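Visitor: Got a structure for you, questions after.
What follows is calculated from the coordinates using simple rules that are stated; it is not laboratory data. As the structure is a computational prediction, the values presented were derived from the model and not from experiment. With ideal geometry, Cβ positions are generated from the backbone for all residues, glycine too; neighbour counts draw on all protein chains shown.
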Amino acid sequence: MSILIVQDPLTTRLAAAESPLEICSSDGRLLGYFTPAKARQLRLEPPAGEEEMARREAAGGGRPLADILRDLEKRA
């Protein structure tokens, strides 16, 4: 990966970004994409709440990996 050092005022504008940006030239050509460091550090919530996750874990289920691999070998 290459590193591009930018000067103010662009540094200030990029530092203020809270979500990914498209970077375009003055004539509208897409130059690339910028993902601010803040956006990469966002904590994503699980698709289900804590109660649902606990219920799923308590329910158990599934099959042992050895059984799954044996079934896949039979199909091959």
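Visitor: Of 64, 47, 36, which has the largest mean-square fluctuation in a 10 Å C-alpha GNM of the chain?
Guide: Fluctuation is largest for 64.
Visitor: Arranged by the count of other C-beta atoms within 10 angstrom, fewest first, what order do 53, 1 take? Write down the numbers at each step before the final one.
Guide: Values: 53 12, 1 2.
In increasing order of surrounding Cβ atoms, one gets 1, 53.
Visitor: Only counting other Cβ atoms within 10 Å, I'd like 14, 72, 4 sorted with the fewest neighbours first.
Guide: Working: 14 14, 72 9, 4 5.
Going from least to most buried by this count: 4, 72, 14.
Visitor: Helix 50-59 versus the longest principal axis of the chain: what angle, 0 to 90°, nearest 10, using Cα atoms?
Guide: It works out to around 30 degrees.
Visitor: Please build a GNM for the chain, connecting alpha carbons under 10 Å apart, and tell me which residue among 30, 65, 21 fluctuates the most.
Guide: Most flexible of the set in this elastic network: 65.
Visitor: Continuing with this model, one more query. Can you tell me the 0 to 90 degree angle between the C-alpha axis of helix 65-75 and the longest principal axis of the chain, rounded to 10?
Guide: The two axes meet at around 90 degrees.
Visitor: Same structure again: Restricting things to alpha carbons, tell me how big region 10-75 is in terms of Rg and Dmax, in Å.
Guide: Calculated on Cα positions, Rg and Dmax stand at 22.8, 60 Å.
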